[in-house]
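The structure under discussion appears below in the form of structure tokens.
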Amino acid sequence: MGTRVAAALKDAALAGFVALVLAFPLVGFATNDEGGPSLAIHTRFTWVLLGGAGVFAARLVLTVLRALLPHLVKVGRSNSPARLAGPRRHGARLFGALLVAFAIALPFLPFSSRYLVDLGTTVLIYIMLGWGLNVVVGLAGLLDLGYVAFYAVGAYSFALIARWYGLGFWEALPLSGLLSASFGVLLGFPVLRLRGDYLAIVTLGFGEIVRIVLLNWTDVTGGPNGIAGVPRPTFFGLVLLPRAPNGGATFSQFFGLSFSPDQRIDFLYFVILALALVTNAFSLRLRRLPIGRAWEALREDEIACRALGIDPTRVKLSAFAIGAMLGGFAGAFFATRQGFISPESFTFQESATILAIVVLGGMGSQMGVVLAAILLVTFPEFGRAFAEFRMLLFGAAMVAIMVWRPRGLLAQRAPSVRLRAAAVAVEAT
Amino acid sequence: MLLEVEHLSIRFGGLLAVDDLSFAAEAGQITAIIGPNGAGKTTVFNCLTGFYRPSVGRLALERDGVTHYLERMDGYRIARDAGLARTFQNIRLFAGMTVLENLVVAQHAPLMRASAFSLAGLLGLPGYRRAETHAIEKSCAWLDRIGLLARADDAAGNLPYGAQRRLEIARAMCTDPALLCLDEPAAGLNARETGELMALLRAIRDETGIGILLIEHDMRLVMGVSDRVVVLNYGQKIADGPPDAVRHDAAVIKAYLGEEDAA
């Protein structure tokens, strides 16, 4: 017992010391602009000491808890290969339905605000991107670090189609998706033989190539100035503006409402919500089809796939194309929502965020993507109260999630076809 | 003749791994390829299944009256069109997917056709639903046969080793092959499991009438089930015939046991 206490104290002391060392430069000094020619430096060593003491205490408590309640704290519990969904599937379905109901009701809830609906729109864009990337990374197991390229292609396709051919959002949406999908195939061809790290590097390069082309092809893309005046989506031909541009009716006139800019925010929210729900239904369905099973089989073992007569080329290209198409839809929506796009919106940072959503959520899990997108997009927002420590907290939260749930928030994989469910259904009738 | 291998040679740099090998395998028969370690057995398999390109030689597989020349085909087309299915020395199941899914994936080609490249499947048309039900029924029939029906919804990677071996054979059979190639199917099995495997192989041969090509080190299994045995040593064929004749062949004994001291 005595040795265990000593070991726990030593462990906690070590953690506290590491925290002190880290906190000394990060927390110990703060710069302040006091109007002079240079910044004034303050020291906050009490904070450093408090932080170190806090980590020491927390680590000690954690060790004690772990010793006392081994059944409550199981690190890496979801580490076993492929735990399959058990009786909790009904719970998951109910949770999903509640989440959708909440999403639909969000703009009408009493505490709702323009800011909240706008934030919801951003979350939904990332959910859609996450679901698109999930096809490539989660199902087909092809690590793609340049996914933002397809997002950009979708956005620029729509902006350019609208500018050159005068098409509106709804007409241009499928075209943007198609163009993105063909870029997916374009990327797919050269990387057919690559896997894992090598594939990641090439896709990273592809993402940068697309961004740099957008930045430099000034005649077409407007270069760093981007493209402004991207048309807004209409509600069955009704514009959501104070005045219709060419004499037509506006949404508010048609329904006899007074115009409010909130209507447009709410409308955009519902558009992306509908797109996301369609995307979800589409990818859930695909997963249960032979193509979806082939994606997962490819992730598990490419050689075995070939030995079973599955053409890996087609399977990979279809995964790239479908993933890119969904990213393209999200991109077109992004363009119409912002009204202005520039290469700045499509940096590697975006790819990393989308990949983090997929990995954090649990590869291949649709619901995991939703949870991770909500977390990743809203956490930095709510973290604003912590000012300069926002990103520190954000990083800590991500590390914590990966320590406690190394295979993502929802690591359970639901089989694409199950025998017992069918048998149970027969018994029930 | 189901499979005819003629003058097969494959060279890796300076090493002639398979040297002018000719043999044949017939439908409704189990043909075993044996030989000491490094004799080139798995290399022959990898040539047949398109993982290696032979340097010289012709590999002809006849299916439904059409002759496929395997040395010119892509690996996946050998499995899909020529009807050659294989298992692996180190099991290659889709470990994270369920037992049932493993067998359904093996029926990818007919299901893909039925789903009209996912279009009919996306719409949930009845033609596709029928095809899917049929695929599941076929999978269940095989699972029942290898005694894994109760574990259909478990992850394949969680099965015991012997069950994984049987599942891999069932998965290969779900592709409706004309020739089944098994690479050391008894490796790591205990005596009872090997006995069950022998019964399974005989049943597949007698009921489906397909050809089975077998690489194996377990002589009890080879001598027990094979109709014909081909012996390789250093990439060359040193014997070819019924098990009893091969067992007493002087060259085979020499290859396995070494030469008797002259003194």
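For this structure, a couple of remarks:
- Residue within region B:102-121 that is closer than 24 Å to B:Glu193 by Cβ and among the basic types (Lys, Arg) present: no
- The one condition in (1) within 14 Å of another protein chain (Cβ to nearest Cβ); (2) β-branched (Val, Ile, Thr); (3) surrounded by fewer than 21 Cβ atoms within 10 Å (Cβ to Cβ); (4) free of Cβ contacts under 8 Å to residues at least 60 places away in the same chain that A:Thr313 fails to fulfil: (4)
- Criterion violated by A:Gly146 - all others in (1) in contact with a Ser or Thr (Cβ under 7 Å, 6 or more places away or on another chain); (2) in a helix (DSSP H, G or I) satisfied: (2)
- Among the residues making up region B:43-75, a single one is in a helix (DSSP H, G or I) and surrounded by fewer than 17 Cβ atoms within 10 Å (Cβ to Cβ): B:Arg72.
- Scanning region A:348-362 for residues that are among the hydroxyl-bearing types (Ser, Thr, Tyr) and touching an Asp or Glu at 6+ places or on another chain (Cβ under 9 Å) returns a single hit, A:Ser351.
- Listing of strands (runs of 3 or more DSSP E) fully contained in region B:186-249 that carry 2 or more residues being in the same structural domain as B:Gly35 (by TED's automatic domain parsing) and surrounded by fewer than 19 Cβ atoms within 10 Å (Cβ to Cβ): B:236-241
- Qualifying residues in region A:23-70 (those that are more than 23 Å from A:Leu392 (Cα to Cα) and in contact (Cβ under 8 Å) with a residue 40 or more places away in the chain) - the one surrounded by the most Cβ atoms within 10 Å (Cβ to Cβ): A:Thr63
- Residue match in region A:296-304 (condition: surrounded by 15 or more Cβ atoms within 10 Å (Cβ to Cβ), closer than 24 Å to A:Leu179 by Cα and in contact (Cβ under 8 Å) with a residue 40 or more places away in the chain): no
- Test for A:Ala276: is it within 14 Å of chain B (Cβ to nearest Cβ) and part of a helix (DSSP H, G or I): no
- Comparison of A:Leu143, A:Leu139 shows that the only residue that is closer than 22 Å to A:Val315 by Cβ, in contact (Cβ under 8 Å) with a residue 60 or more places away in the chain, surrounded by 22 or more Cβ atoms within 10 Å (Cβ to Cβ) and in the same structural domain as A:Thr336 (by TED's automatic domain parsing) is A:Leu139.
- Among the residues of region A:322-349, those that are outside any loop (DSSP other than H, G, I, E, B), modelled with pLDDT of 90 or more and farther than 18 Å from A:Leu268 by Cα comprise A:Ile322, A:Gly323, A:Ala324, A:Met325, A:Pro343, A:Glu344, A:Ser345, A:Phe346, A:Phe348.
- Among the residues making up region B:87-116, those that are within 7 Å of chain A (Cβ to nearest Cβ), of a type in the set (Gly, Ala, Ser) and part of a loop (DSSP other than H, G, I, E, B) are B:Ala95, B:Gly96, B:Ala106, B:Ser115.
- Checked against (1) more than 12 Å from every other protein chain (Cβ to nearest Cβ); (2) buried (at least 24 other Cβ atoms within 10 Å of the Cβ), B:Ile78 passes all but a single condition, namely (1).
- Residue within region A:387-395 that is surrounded by 13 or more Cβ atoms within 10 Å (Cβ to Cβ), at pLDDT 85 or above and either assigned to a helix (DSSP H, G or I) or assigned by TED's automatic domain parsing to the domain that holds A:Val137 (or both) present: no
- Residue among A:Leu133, A:Leu106, A:Leu124 that alone is at pLDDT below 90, under 20 Å from A:Leu277 (Cα atoms) and in a helix (DSSP H, G or I): A:Leu106
- Filter result for B:Asp227 (farther than 17 Å from B:Ala24 by Cα and among the acidic types (Asp, Glu)): no
- Exactly one residue among A:Val64, A:Val55, A:Val5, A:Val75 is part of a loop (DSSP other than H, G, I, E, B) and either modelled with pLDDT under 80 or over 30 Å from A:Leu275 (Cα atoms) (or both), and that residue is A:Val75.
The values are calculated or read from the model by the stated rules, or taken from the named source; none is laboratory data. Not measured: the values here are computed from a predicted model. Glycine also receives a Cβ, built like all others from the backbone with ideal geometry; neighbour counts cover every protein chain displayed.
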